[in-house]
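First the structure, in the form of structure tokens, and then the observations on it.
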Amino acid sequence: SQIQDLSGEKVKSAKNMAFAFDIDGVLVHGDRLIPEGKRALEILNGDNELGIKIPHIFLTNGSGKREDARCEQLSKILGNPVSIDQFIQSHTPMRALSEYYSTVLVVGGEGYKCREVAEAYGFKDIVVPNDIIAWDPTIAPFRVFTDEERATSRPRDFSKINIDAIMVFSDSRDYATDMQIIVDLLKSENGRFGTVAKDPVSQRIPIYFSQGDLLCPSEHPFPRMSQGAFRIGLEAMYKALTGVDLERVVYGKPELATYKYADEVITSWMEQIHNEEKLPENIYMVGDNPASDIIGGNMYGWNTCLVRTGVFQGGDNDENNPASFGVFVNVLEAVKTAMRKEL
Ligand code: G3P
Ligand code: MG
């Protein structure tokens, strides 16, 4: 019975810990699996000494696709089920904004995928930059607009419509066009093309960004500019053109709102897997980017594990944002070490 007590205690501890995984640089590189990631997830999905599920969620600054499509793709790559109920990408919490804004400009991403994301979030009237170019090509003088793009755009008379807010969901594929359109709208009277606001602050529509990463690792030997770089460019341009600072809201790691949202997701995921609607006390964030995963986790009081399979390539620990639980060669080592500590 002593053995039974011990395993009862361990089961309790297993339900009192949870993991939040970054995706890029921890579990995958683009579409390529990091093999230790698969094993780590198998262990958490029940292949452990207790035969119990250890709660875990995915918390990524990735973007540009609907959650269901991305989870399906990730389940295949990771060889483990990834449910949309345990998955947060950069724009997932922005779903809540659909209650406040009716007509929105959605910027970024490949083709029309971000229009689909916004539709899935319940936004009623979604405009993408191509709809505006199809209406008035002179808005973006250097843009070459293909027949295919024209065929999938939804032009209207935008001089008769107010756009309520701008949502940058994913990386811009055409900085020149997107920045021009965004600046036009920010300078306009309440989001109407063809107008210029008398008061640039009170008549300015709000702008939201799904994440703030300056750089993102890619196939190229040096990291490439990401949404944060686009935003900084836009802020500087707006300030130079109007003399006023651009107020904006940024989602994603390391912003507080995203971690609060993560707590809610962990709590309801606990309910799904263990029938207990409670937030585990010991949460471990496993990430590769000190400036996003680690600083955010540290500020939120999580145990942070920095892995060497992604952005971080430094020495013993990151100098500016050291991981509180340690630095690990890969995600499997981080998971095993955390489990040894808790169980
Ligand atoms: O920088 C954008 C994205 O690729 C980062 O993804 O999973 O590392 O947060 P992740
Ligand atoms: Mg990462």
Point to revise | Check on P322, open to solvent by 50 Å² or more (accessible area, probe 1.4 Å), outside any helix (DSSP H, G or I) and more than 22 Å from Q227 (Cα to Cα) | key: yes
Practice item. Among the residues of segment 301-314, write down those that are open to solvent by less than 10 Å² (accessible area, probe 1.4 Å) and more than 10 Å from ligand 2 (Cβ to nearest atom). Key: T304, C305, L306
Exercise for review: Name every residue in segment 243-297 that is of a type in the set (S, T, N, Q), over 17 Å from A96 (Cα atoms) and within 18 Å of the chain's Cα centre (by Cα), in order of residue number.
Suggested key: N289, S292
Review point. Could you say which residue among L234, L306, L246, L256 is closer than 17 Å to G25 by Cβ and either more than 16 Å from ligand 1 (Cβ to nearest atom) or not polar (S, T, N, Q) (or both)?
Key: L306
Revision key, fill the gap. Quick count over segment 1-44, residues being of a type outside the set (V, I, T) and either in contact (Cβ under 8 Å) with a residue 60 or more places away in the chain or in a strand (DSSP E or B) (or both), is 23
Study note, to complete from the structure: Taking segment 130-151 and keeping only residues that are out of contact with any Lys or Arg (no Cβ under 9 Å at 6 or more places or on another chain) and of a type outside the set (A, V, I, L, M, F, W, C), one is left with D136, T138, P141, R143, T146, D147, E148, E149, R150
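Can you work out which of the residues in segment 191-213 that are outside any strand (DSSP E or B) and under 15 Å from F169 (Cα atoms) is most open to solvent (accessible area, probe 1.4 Å)?
Filtering first and then ranking leaves P206.
Any chance segment 11-29 includes a residue that's of a type in the set (D, E) and out of contact with any strand residue (DSSP E or B) (no Cβ under 8 Å at 6 or more places or on another chain)?
no
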**Study point:** Top-ranked residue of segment 1-40 - restricted to ones that are among the hydrophobic types (A, V, I, L, M, F, W, C) and surrounded by fewer than 11 Cβ atoms within 10 Å (Cβ to Cβ), ranked as nearest to the chain's Cα centre (by Cα)
**Key:** L6
Exercise for review: Would you please name the residue that is farthest from S170 (Cα to Cα), looking only at residues in segment 219-231 that are touching a residue at least 12 places away in the same chain (Cβ under 8 Å) and within 15 Å of ligand 2 (Cβ to nearest atom)?
Suggested key: P223
**Study point:** segment 239-261, subset among the small types (G, A, S) and touching a helix residue (DSSP H, G or I) at 6+ places or on another chain (Cβ under 9 Å), residue least open to solvent (accessible area, probe 1.4 Å)
**Key:** G252
Point to revise | Filtered residues of segment 197-217 (kept if touching a residue at least 12 places away in the same chain (Cβ under 8 Å) and farther than 28 Å from A96 by Cα) | key: P217
Exercise for review: Please enumerate the residues belonging to segment 294-303 that are within 20 Å of M339 (Cα to Cα) and within 14 Å of ligand 1 (Cβ to nearest atom).
Suggested key: I294, G297
Point to revise | Qualifying residues in segment 258-300 (those that are among the acidic types (D, E) and assigned to a loop (DSSP other than H, G, I, E, B)) - the one nearest to ligand 2 (Cβ to nearest atom) | key: D288
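Looking at segment 168-186, can you tell me whether even one residue there is in a strand (DSSP E or B) and within 29 Å of I88 (Cα to Cα)?
Yes.
The values are calculated or read from the model by the stated rules, or taken from the named source; none is laboratory data. It should be emphasised that the depicted structure is a prediction, and the values quoted were computed from it without experimental measurement. Note that we place each Cβ from the backbone using ideal geometry, even for glycine, and neighbour counts take in every protein chain shown. Just so you know, the surface numbers come from the protein's heavy atoms only, side chains and all, with ligands and any DNA or RNA stripped out. Shrake-Rupley method; radii C 1.70, N 1.55, O 1.52, S 1.80 Å.
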